[in-house]
Amino acid sequence: MARLLVIDDEPLVGMVIRRALEDAHQVTVEESARAALRLIEGGAKFDAILTDLHMPDGDGLWLREEIGRLDPVLQRRMLFLTGGATQAEEDELRNTPGIRWLAKPFRSAELLAQVEQLLSS
């Protein structure tokens with residue numbers, strides 16, 4: 001069972017993701033990028049991070065940079081979830097090596113497949 005950190009400022013989305021993944025993985029959900037970062041800075045260990053791209057207290061790309069400062073391996077095991085990326089953001093996601101992303105809405109099977117690929121990398 002992998003330890004996953006899910007970060008989404010919409011509680012309902014976090015709950016849906018938890019339910020989709022909790023049979024196969026240990027899932028921790030945070031509603032704030034800064035709270036998630038504090039968890040990691042405090043020593044919490046995760047095998048992968050699934051994060052919303054847009055959040056009021058720090059976007060997913062900002063969080064990726066902060067995670068990279070703390071744990072470069074974990075930085076490579078991030079999956080961005082987005083339901084409203086601008087064209088420029090989508091271009092950045094597509095063109096930045098090592099970034100994985102999934103557009104909302106997505107199916108549970110799609111999410112689980114992405115997570116399994118992430119964990120095997």
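Bear in mind these aren't lab numbers, they're just calculated from the coordinates by the rules spelled out. Everything quoted here is computed from the prediction, not taken from an experiment.
Table for the structure above
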read-out	value
Over the chain: helical MRE at 222 nm, DSSP H runs n ≥ 4 each giving -39500 (n - 2.57), nearest 500	-13500 deg cm²/dmol
DSSP beta bridge pairing in the chain, given as percent antiparallel to the nearest 5	0 percent
Residue of GLN87, GLN75, GLN26 that the Gaussian network model of the chain assigns the largest fluctuation, springs spanning Cα pairs under 10 Å	GLN87
Whole-number D in µm²/s for the stretch 3-120 (Stokes-Einstein; Kirkwood sum over Cα pairs; 25 °C, 0.890 mPa s)	175 µm²/s
